[in-house]
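Contents: one structure, followed by commentary.
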Amino acid sequence: MAKQKRKDSQVTKKKNKKLKKAVAREMPLAPAAPPGTEGAPAEGAASPEEQRVLERKLKKERKKEARRRLQEAGISVAQSPAARRSGAALALDYLCSWAQQHENWRFQKTRQTWLLLHMYDRDQVPDEHFSTLLAYLEGLRGQARELTVRKAEVLMRELDEAGASADAPLPGRTQRVRQVLQLLS
């Protein structure tokens with residue numbers, strides 16, 4: 001217990017040293033006090049919490065200033081759209097890796113959720129990937145399986161009701177819902 005207290009005090013001493021150095025570096029950036037205000041407390045006399053708040057504010061200001069300078073120079077700060085892959089591409093890659101390299105494949109809940117939400121949409125999950133998705137769904141277990149069956153049943157009822165009315169339901173979507181229900185029921 002005594003060793004732990006000593007370690008804690010050493011850690012806080014190190015943090016205080018770093019903080020004092022950071023505040024000392026930031027002093028030139030802070031506006032100078034007018035000559036008539038000597039009654040104000042000095043920066044070093046601030047509590048550690050106040051120093052942390054001040055440090056955060058200064059860091060935020062520096063970041064904002066750097067961003068403003070970049071914008072003035074005409075450099076774009078935002079990520080380019082090509083650098084980030086869409087959820088659809090990531091989910092389809094996940095599905096293909098499940099089919100082709102099953103021993104190296106790892107379960108990813110977000111990818112599975114995306115596939116389950118978009119499996120009836122031909123634009124999101126093309127026909128060439130749907131057969132692989134059906135094979136993937138065979139291994140579905142637990143709550144995910146039950147929820148998928150319930151949603152498919154509700155969707156089938158809605159499509160049947162829409163078919164009874166004047167609106168013609170999407171034939172591809174109906175076919176996909178039927179295939180999922182036959183597979184999981």
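The values are calculated or read from the model by the stated rules, or taken from the named source; none is laboratory data. All values reported here derive from a predicted model rather than from experimental measurement. Using ideal geometry, Cβ is built from the backbone for each residue, glycine included, and neighbour counts are taken over all protein chains shown.
Quick notes
- The conditions of being under 27 Å from A152 (Cβ atoms), surrounded by 14 or more Cβ atoms within 10 Å (Cβ to Cβ) and touching a Leu at 6+ places or on another chain (Cβ under 7 Å) are met by A91.
- On the stretch given as the stretch 94-132, residues that are within 14 Å of R173 (Cβ to Cβ) and of a type in the set (D, E, K, R) total 4.
- Hey, A164 at pLDDT below 90, of a type in the set (A, V, I, L, M, F, W, C) and exposed (fewer than 15 other Cβ atoms within 10 Å of the Cβ) or not: yes
- Top-ranked residue of the stretch 94-116 - restricted to ones that are part of a helix (DSSP H, G or I) and surrounded by fewer than 14 Cβ atoms within 10 Å (Cβ to Cβ), ranked as farthest from the chain's Cα centre (by Cα): Q100
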